[in-house]
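Just below is one structure, and these are the notes that go with it.
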Amino acid sequence: MFRRVLGKTLGFLGYTVQYGCIAHCAFEYIGEFVACSGPSMEPTITSHDVVFSERLSRHLCRIEKGDIVIAKSPFDPHMNICKRVIGLEGDKICTSGPSDVFKTHQYPRLPQPTLRPAISLKPITVPKGHVWLEGDNLRNSTDSRSYGPVPYALIRGRVCLKLWPPHNFGALNQSPTGRIVKRSD
């Protein structure tokens, strides 16, 4: 009787380890479900939305401008951030700081003195191996405007699908504000 109980227990532990390894590999290399919190990505993603973050794009270096990504925080490795990719390595980003709400990102140009006399643009070149991340809610987002370019290695995955709430179910790919200006070469 003891052998039978021991055999069943070891069998159960074996299956638990096998399925645990499969689940770990699926979440580490394929994707994961993420519950978002905070206002930085509003209106695209609000607090308590659940999204699916796929990891294959990160491994295949297929992150592009306009993608929403989940990344490790540059300040706290135990915290993840959800932001939009505004610039890739080599891109020049025109920014004037966290309070600049009415800008579009493109290559450096002179500010319109009659429209915005108090703002002086500072072009920043995104270094190799880094990305520039910003929230869609520029007034309430701590992002690359505060901490600078983020190393590509901190990106955990690309958000491709909003799952919750059900009435907002669908793909996430376009910037709602049209802030990203893609260059045509």
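From the residues 27, 44, 66, which one has its Cα farthest along the dipole of the range 1-94 in the positive direction, the dipole being from +1 and -1 charges on Cβ of Lys/Arg and Asp/Glu about the Cα centre?
27
Using all alpha carbons of the range 125-172, what is the percent of pairwise distances in each 5 Å bin, ordered from the shortest bin to the longest?
5, 18, 18, 19, 20, 12, 7, 2
Out of the trypsin sites (Lys or Arg not before Pro) in the range 7-77, which ones are loop residues according to DSSP with at most 14 other C-beta atoms within 10 Å?
Sites meeting the loop and neighbour criteria: 62.
Of 1, 41, which has the most accessible area with a 1.4 Å probe, and how do the rest follow in descending order?
Numbers: 1 170, 41 5 Å².
The ordering from most to least exposed comes out as 1, 41.
The values are calculated or read from the model by the stated rules, or taken from the named source; none is laboratory data. As the structure is a prediction and not an experimental result, all values here were calculated from the model. Every residue, glycine as well, gets a Cβ built from its backbone with ideal geometry; the counts of neighbours run over all protein chains shown. With ligands, DNA and RNA removed, areas are computed over all heavy atoms of the protein, side chains included. Shrake-Rupley method; radii C 1.70, N 1.55, O 1.52, S 1.80 Å.
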